[in-house]
Amino acid sequence: MPTESTGLPLEGVRVIEFTHMVMGPTCGMILADLGAEVIKVEPPGGDKTRTLPGLGIGFFRSFNRNKKSVVLDIQTEEGLAAAKELIGQCDVLLENFRPGLMDKLGLGHEALRELFPQLIYVSHKGFLPGPYESRLALDEVVQNMAGLTYMTGPVGRPLRAGSSVNDIMGGMFGAIGVLAALRERERTGQGQEVQSALFENCVLLASQHMQQFQMTGEVPPPFPSRISAWSVYDTFTVAGGEQLFVGAVSDKQFATLCQVIERPDLASDPALATNAQRVAVRPELLHKLGETLQHQDLETLCAKLQAAGLPYAKVVRPDQLVHDEHLIASGGLVPMTTETGDTTQVVLLPLLMGGRRPGVRSALPAIGEHTEEVLARLTRAPVPAAV
């Protein structure tokens, strides 16, 4: 069955995906959103990510749109043979299983390179080759190893980031590698192995702090204990217990803030005339601002700050984003039909290309929904494994 034209940049690129959880599926989702045909190979019974509880409950629906689901038992001779033939019809292979598993199955890069020299083989791992490469890694493991938990929490209380930042960014770098490898293949005719890794990804996030140390010789303090470059750059509690971040990063902005909150005494105080002077007495200044702001109505204050052109932000929970007016109006939050026939709201890639957002083109696939369609392309279509 021919694939309908998408008019998207990666139309005509075929990807086979052996992934689970977040990192590999994110890479596949990005490629799928950009127009590639992404075939997700699931084991009998389906990807276990589909049924994760708790904080993992949203993983599958968040990172597996626009894909086709094929069930193959690659632990069997018949399933493995079908997988290899299907790989031969693809431009890109994605995998993010534990080190050595794909090699054990005969689906590692070295084995497939001999069969399919044009294949772009993308491994998403915990570590790039080196002393750590055999270790198992999780997002939280590498956040600790690369200094992110140290920088995020208060002194003595390391705190992981509140999202799978390295898994998601690792998938992004995998996709970037695919785009570069496709471009290089146009020139050389050869595929290559691309590796993306959680630890190295997180080290890039910490690189600014590493550079800070090398330039100053001082250990960077965690963010809650940092010495701010600006006097007003903090979160305040306003009326009703609501919280609001307010920044004033120049002398002009500080004067404007004082006008907005009706504190002309602070604006006219010669001891607070410059940012350097204000930083020197920052705790006392923040206390005075806090005393005033605690009586301010959140929405009224936001309107005044917006009108004055000052940086501000409500402290928002993820559940509130489902109704965010900007996300909805900009087309970044759209409905998707799920594998059960229900509808959910999903976040699109943060990209605008030629005036459009790459969006949802198909419902989230049910387990093995496209097995018959995809395997019909094979020379000897095997009997599909039980879903």
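Condition check ((1) exposed (fewer than 14 other Cβ atoms within 10 Å of the Cβ); (2) in contact with a His (Cβ under 7 Å, 6 or more places away or on another chain); (3) more than 24 Å from PRO224 (Cβ to Cβ)) across all residues:
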| site | (1), (2), (3) |
| --- | --- |
| VAL141 | no, no, no |
| MET145 | no, no, no |
| GLY162 | yes, no, no |
| ASP167 | no, no, yes |
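Considering only the stretch 199-220, state which residues are under 22 Å from PRO154 (Cβ atoms) and open to solvent by less than 40 Å² (accessible area, probe 1.4 Å). Correct list: CYS202, ALA206, HIS209, PRO220. Residue under question is PRO220, and the condition is that it be in a helix (DSSP H, G or I) and at pLDDT below 95; does it hold? Judged against the criteria, PRO220 is not a match.
In the stretch 1-28, the qualifying residues are those that are over 17 Å from ASP91 (Cβ atoms) and touching a residue at least 12 places away in the same chain (Cβ under 8 Å), and the one that is most open to solvent (accessible area, probe 1.4 Å) is MET1. LEU348 meets each of the listed conditions (1) surrounded by 16 or more Cβ atoms within 10 Å (Cβ to Cβ); (2) within 30 Å of ASP251 (Cβ to Cβ) apart from (2). Looking at GLY240, GLY171, GLY156, just one residue is surrounded by fewer than 19 Cβ atoms within 10 Å (Cβ to Cβ), small (Gly, Ala, Ser) and assigned to a helix (DSSP H, G or I), and that residue is GLY240. With respect to the conditions (1) farther than 23 Å from GLY24 by Cα; (2) part of a loop (DSSP other than H, G, I, E, B); (3) touching a residue at least 60 places away in the same chain (Cβ under 8 Å), ALA137 lacks only one, and its number is (1). With respect to the conditions (1) touching a Ser or Thr at 6+ places or on another chain (Cβ under 6 Å); (2) within 18 Å of MET172 (Cβ to Cβ); (3) surrounded by fewer than 24 Cβ atoms within 10 Å (Cβ to Cβ), PHE63 lacks only one, and its number is (3).
Among the conditions (1) among the acidic types (Asp, Glu); (2) open to solvent by less than 80 Å² (accessible area, probe 1.4 Å); (3) on the phi > 0 side of the Ramachandran plot, the only one that ASP251 does not satisfy is (3).
Can you confirm whether GLY177 is outside any helix (DSSP H, G or I) and open to solvent by less than 50 Å² (accessible area, probe 1.4 Å)? For GLY177, the condition - outside any helix (DSSP H, G or I) and open to solvent by less than 50 Å² (accessible area, probe 1.4 Å) - is not met.
The set of residues from the stretch 81-102 being modelled with pLDDT of 95 or more and either more than 24 Å from MET29 (Cα to Cα) or open to solvent by 30 Å² or more (accessible area, probe 1.4 Å) (or both) comprises ALA81, LYS84, GLU85, GLY88, GLN89, ASP91.
Taking the condition crowded, with 24+ Cβ neighbours inside 10 Å and over 22 Å from MET353 (Cβ atoms), does VAL70 pass? Yes; evaluated as a whole, the condition is true for this residue. Being open to solvent by less than 40 Å² (accessible area, probe 1.4 Å), closer than 30 Å to MET336 by Cα and at pLDDT 95 or above is a description that applies to HIS124. Under the condition of being outside any helix (DSSP H, G or I) and of a type in the set (A, V, I, L, M), the residues counted in the stretch 180-209 number 3. For first residues located in the stretch 262-291 and in a loop (DSSP other than H, G, I, E, B), partners that are surrounded by 11 or more Cβ atoms within 10 Å (Cβ to Cβ) and lie 6+ apart or on another chain with Cβ distances below 7 Å form the pairs ARG263/THR292; THR274/ASP251. Could you list, in sequence order, all residues of the stretch 292-316 that are without any contact (Cβ under 8 Å) to a residue 40 or more places away in the chain and exposed (fewer than 13 other Cβ atoms within 10 Å of the Cβ)? If the condition is that a residue be without any contact (Cβ under 8 Å) to a residue 40 or more places away in the chain and exposed (fewer than 13 other Cβ atoms within 10 Å of the Cβ), then GLU299, THR300, ALA303, GLN306, ALA307, VAL316 are the ones that fit.
Yes or no, residue by residue, for (1) among the aromatic types (Phe, Trp, Tyr); (2) in contact (Cβ under 8 Å) with a residue 60 or more places away in the chain; (3) at positive phi:
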| position | (1), (2), (3) |
| --- | --- |
| GLU77 | no, no, no |
| ARG98 | no, no, no |
| LEU105 | no, no, no |
| GLY108 | no, no, no |
| LEU112 | no, no, no |
| PRO117 | no, yes, no |
| VAL122 | no, yes, no |
| PRO129 | no, yes, no |
| TYR132 | yes, yes, no |
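Filtered by the rule that a residue be crowded, with 24+ Cβ neighbours inside 10 Å, touching a residue at least 60 places away in the same chain (Cβ under 8 Å) and in contact with a Phe, Trp or Tyr (Cβ under 6 Å, 6 or more places away or on another chain), the stretch 30-60 gives no residues.
The values are calculated or read from the model by the stated rules, or taken from the named source; none is laboratory data. Owing to the predicted nature of the structure, the values given are computational and were not obtained by experimental measurement. In this analysis, Cβ positions are derived from the backbone assuming ideal geometry, glycine residues included, and neighbour counts consider all displayed protein chains. For the accessible areas, the whole protein counts, side chains as well, though only heavy atoms, and no ligand, DNA or RNA atoms are used. Shrake-Rupley method; radii C 1.70, N 1.55, O 1.52, S 1.80 Å.
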